[in-house]
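Q: Starting off with a structure, shown below.
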Amino acid sequence: MIIQLNNAITEVEQNELLEKLMSYNFSVNEVNTQFEKYLVCIGKNDFDIREIGHQTGIKDVHIVSDSYKLVSKKWKVQDTSINLGHNVFIGKDIPSIMAGPCSVESEEQIDKIINHLLQQNIKIIRGGVFKPRSSPYAFRGLGIEGLKMMYEKCKPHNIKIITEVMQVSQIEEMLPYVDVFQVGARNSQNFNLLDALGEIDKPVLLKRGISGTIEELLSSAEYVFSKGNEKLILCERGIRTFETAYRNTFDINAIQVLKEKTHLPVIADPSHGVGIRSFVTKLALSALISGADGIIYEVHEKPEEALSDGQQTLNFMESSQLIEKIKLLYQSFNFN
Ligand code: PEP
Ligand code: MN
């Protein structure tokens, strides 16, 4: 059960309510986010909400049968949209496009990417500076200096930055330069990281774990929300299956299922989803047709020379063609 409290609830009213809930053997979790106050109550499923409906200080009461509560659509039917400022939204009527290199490599590379994004009217750049790599000998990113460099170049154009945070100790130094913190597939169940991201007021894009179930992804999102951060976005990026013909099995089913289960925006990452450049465009379009609120994909001036994930990275021409196709799709397809 979720109890939405009036923001002006007094301490006396809240204590009275807590006592009452405890008398019904609920374990009560107080959640204060940047927007609202909630009590997430775990216990009786057949509770009659009229027992507390008259208490003062309550805005609304919702019975939520899912194991995850605050991210469930069972209590918040209208979709959440995240405002990044300068009229850039994730989870609105138009698809959110996030594009950029797998890794930030150099000033010259970022200049060229920004130029491409501006030409295509793409408002959000992706680019990792802390890279989770399977091999310790692979390029592991430029670190915080790379992020600062990207920020200085994006700021004059109001281009928003999404980049991966790998550990709790990086959050503070990254904070001024990041618009959306990406939690990578390998960290999808790093609960300490999720807790820490729940304590900041910046959007978090949470990727599905390498072998993560939909329920696990939603539970990870619940970690962040329940620590106080409602600005959450989910990302389907493919899962590991028995199939070896491509990097991951891009789970298009998950997009519709997630849209049904949660009010959070759902983004698709076809680059990591399939891992093969020539398939990325069609999978990006398929994801949008399946109801994704946007896509995140890798683009580089010369994918063959990229320091990471070149095999799944579009060049500028392919990226421009994808954007053109997305426009045509939205003109011709009824998404409801
Ligand atoms: C990335 O976005 O470059 C990345 C490493 O993604 P994932 O965590 O999905 O593998
Ligand atoms: Mn990558």
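The values are calculated or read from the model by the stated rules, or taken from the named source; none is laboratory data. Not measured: the values here are computed from a predicted model. Here the Cβ is made from the backbone with ideal geometry for all residues, glycine too, and neighbour counts use every protein chain on show.
Q: Run down 94, 162 and say which single residue is modelled with pLDDT under 95 and either under 24 Å from residue 281 (Cα atoms) or under 23 Å from the mean Cα position of the chain (by Cα) (or both).
A: The conditions single out 94.
Q: Assuming residue 304 fulfils every condition listed in (1) more than 23 Å from residue 265 (Cα to Cα); (2) within 16 Å of ligand 2 (Cβ to nearest atom); (3) surrounded by 13 or more Cβ atoms within 10 Å (Cβ to Cβ); (4) not hydroxyl-bearing (Ser, Thr, Tyr) apart from one, which condition is it?
A: Every listed condition holds for residue 304 apart from (3).
Q: Sticking with this structure for a sec: Just wondering, is there one or more residues in segment 79-86 that are modelled with pLDDT under 95 and among the polar types (S, T, N, Q)?
A: The answer is no, given that none of the residues of segment 79-86 is modelled with pLDDT under 95 and among the polar types (S, T, N, Q).
Q: Right, next: Against the condition within 16 Å of ligand 2 (Cβ to nearest atom), crowded, with 24+ Cβ neighbours inside 10 Å, outside any loop (DSSP other than H, G, I, E, B) and on the phi < 0 side of the Ramachandran plot, how does residue 267 come out, does it pass?
A: Against the criterion (within 16 Å of ligand 2 (Cβ to nearest atom), crowded, with 24+ Cβ neighbours inside 10 Å, outside any loop (DSSP other than H, G, I, E, B) and on the phi < 0 side of the Ramachandran plot), residue 267 qualifies.
Q: So, residue 128, is that one touching a residue at least 12 places away in the same chain (Cβ under 8 Å), closer than 24 Å to residue 320 by Cβ, within 16 Å of ligand 2 (Cβ to nearest atom) and among the small types (Gly, Ala, Ser) or not?
A: yes
Q: Same structure, new question: Return yes when residue 140 is charged (D, E, K, R) and not in a helix (DSSP H, G or I) and no when it is not.
A: yes
Q: Can you name every residue in segment 301-330 that is in contact (Cβ under 8 Å) with a residue 24 or more places away in the chain, more than 17 Å from residue 114 (Cβ to Cβ) and away from ligand 1 (no atom under 16 Å from the Cβ)?
A: Listed by number, the residues that qualify are 318, 321, 322, 325, 326, 329, 330.
Q: Scanning segment 210-250 for residues that are farther than 15 Å from residue 274 by Cα, in contact (Cβ under 8 Å) with a residue 12 or more places away in the chain and assigned to a loop (DSSP other than H, G, I, E, B), which turns out nearest to the chain's Cα centre (by Cα)?
A: The residue in question is 231.
Q: Does residue 236 meet the test of being under 27 Å from residue 121 (Cβ atoms) and buried (at least 17 other Cβ atoms within 10 Å of the Cβ)?
A: The answer is yes for residue 236.
Q: Same structure again: Of everything in segment 61-106, what is small (Gly, Ala, Ser), more than 16 Å from ligand 1 (Cβ to nearest atom) and either assigned to a loop (DSSP other than H, G, I, E, B) or surrounded by 16 or more Cβ atoms within 10 Å (Cβ to Cβ) (or both)? Give them in sequence order.
A: The answer is 65, 67, 72, 81, 91, 106.
Q: From the list 109, 55, which one is outside any strand (DSSP E or B), of a type outside the set (Gly, Ala, Ser) and modelled with pLDDT of 95 or more?
A: 109
Q: Looking at 255, 233, 289, which is the one that is over 17 Å from residue 73 (Cβ atoms) and among the hydrophobic types (A, V, I, L, M, F, W, C)?
A: Unique residue meeting the criteria: 289.
Q: Kindly indicate whether residue 152 is more than 24 Å from the chain's Cα centre (by Cα) and either within 16 Å of ligand 2 (Cβ to nearest atom) or farther than 25 Å from residue 229 by Cα (or both).
A: Judged against the criteria, residue 152 is not a match.
Q: Still on this structure: State whether one or more residues within segment 127-148 are surrounded by 14 or more Cβ atoms within 10 Å (Cβ to Cβ), closer than 25 Å to residue 225 by Cβ, away from ligand 1 (no atom under 16 Å from the Cβ) and under 19 Å from the mean Cα position of the chain (by Cα).
A: Within segment 127-148 (the criterion being surrounded by 14 or more Cβ atoms within 10 Å (Cβ to Cβ), closer than 25 Å to residue 225 by Cβ, away from ligand 1 (no atom under 16 Å from the Cβ) and under 19 Å from the mean Cα position of the chain (by Cα)), the answer is no, since none of the residues qualifies.
Q: Return the residue satisfying two criteria in turn: it lies in segment 161-188 and is without any contact (Cβ under 8 Å) to a residue 40 or more places away in the chain and surrounded by fewer than 16 Cβ atoms within 10 Å (Cβ to Cβ), and of such residues it is nearest to ligand 1 (Cβ to nearest atom).
A: 167
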